[in-house]
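Trainee: If you scroll down you'll find the structure; I have some questions about it.
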């Protein structure tokens, strides 16, 4: 049984408790017909008064849609059927960049009136489930690094993409401003120090050199060609983290994980290995 079928069955199970919110397709069509009769009936029943108070009909081409009855609303809020709910939540999830529950609720509430928080929680994205299962290291406490100004400290690191290389490009260089978390990504064909230095020089000419450049102890960052950058910017201080201790520059390491998960999600959405 696929994810969509499991989700739909869960909503139908909840339908008995939330009949006033969830609408199966046949109930939706029946409500539209009853509302049309109510608008034309000279003498209205209590049920018709209830429908006219809660719903309105909006003509969308040759289809009539149920919307919430609310005076002076800027945008109509549509009622969705149970059968449509999975696709609506999936589109909202992708539109928010695989955002979490709160982002999705905010996005969906702009357009729909009856998609519940429980329904959003049920519709779990496979890629986001993998992200939540990411193991975390406990018990390590590192003194935080604080920055007060833009470009006072920058961190640089490499992401190994050799298993999913794009042509000759096998690495991604991540340059992050520590205060704002603004990132610049550059593709690299290798880990050669000269190529890293070339990209750093280009970034410095674009944004200016930071007061402190922090990296790990990789040879691509400790080579002479990197230290020679100080000749152009004498005030630049280059520091290196502890060997085999990525927590010493945790900000850019966390950014590396986010970038990889964003790429994986994009590749999954577009069904590509490129």
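Trainee: With no solvent and one point per C-alpha, what does the Debye sum give as log10 I(q)/I(0) for segment 3-131 at q = 0.10, 0.21 Å⁻¹?
Mentor: -0.36, -1.28
Trainee: Determine the calculated [θ] at 222 nm for the chain from helices alone, applying -39500 (n - 2.57) to every DSSP H run no shorter than 4 residues and normalising by the residue count; nearest 500 deg cm²/dmol.
Mentor: Theoretical 222 nm ellipticity from helices: -12500 deg cm²/dmol.
Trainee: I need two numbers for segment 153-269: Rg to one decimal and Dmax as a whole number, Cα atoms only, in Å.
Mentor: 14.0, 46
Trainee: With axes computed from alpha carbons, what is the tilt in degrees of helix 3-15 against the longest principal axis of the chain, rounded to the nearest 10 within 0 to 90?
Mentor: The angle comes out at about 40 degrees.
Trainee: Expressed as a rounded percentage, what relative contact order does the chain have, with Cα pairs under 8 Å and six or more residues apart?
Mentor: For the chain, the relative contact order is 12 percent.
Trainee: For the chain, how big is Rg over Rh, using alpha carbon atoms and the Kirkwood form of Rh?
Mentor: Across the chain, the Cα-based Rg/Rh ratio is 1.17.
Trainee: To make sure I understand, if each residue's beta carbon is the centre and we count other beta carbons within 10 Å, what order do 169, 178, 75 fall in, fewest to most?
Mentor: Lowest to highest Cβ neighbour count: 75, 169, 178.
Any read-out appearing in this document is the output of simple, stated calculations on the displayed coordinates, not a laboratory observation. Here the structure is a predicted model, which is why all the values come from computation and not from measurement. Every residue, glycine as well, gets a Cβ built from its backbone with ideal geometry; the counts of neighbours run over all protein chains shown.
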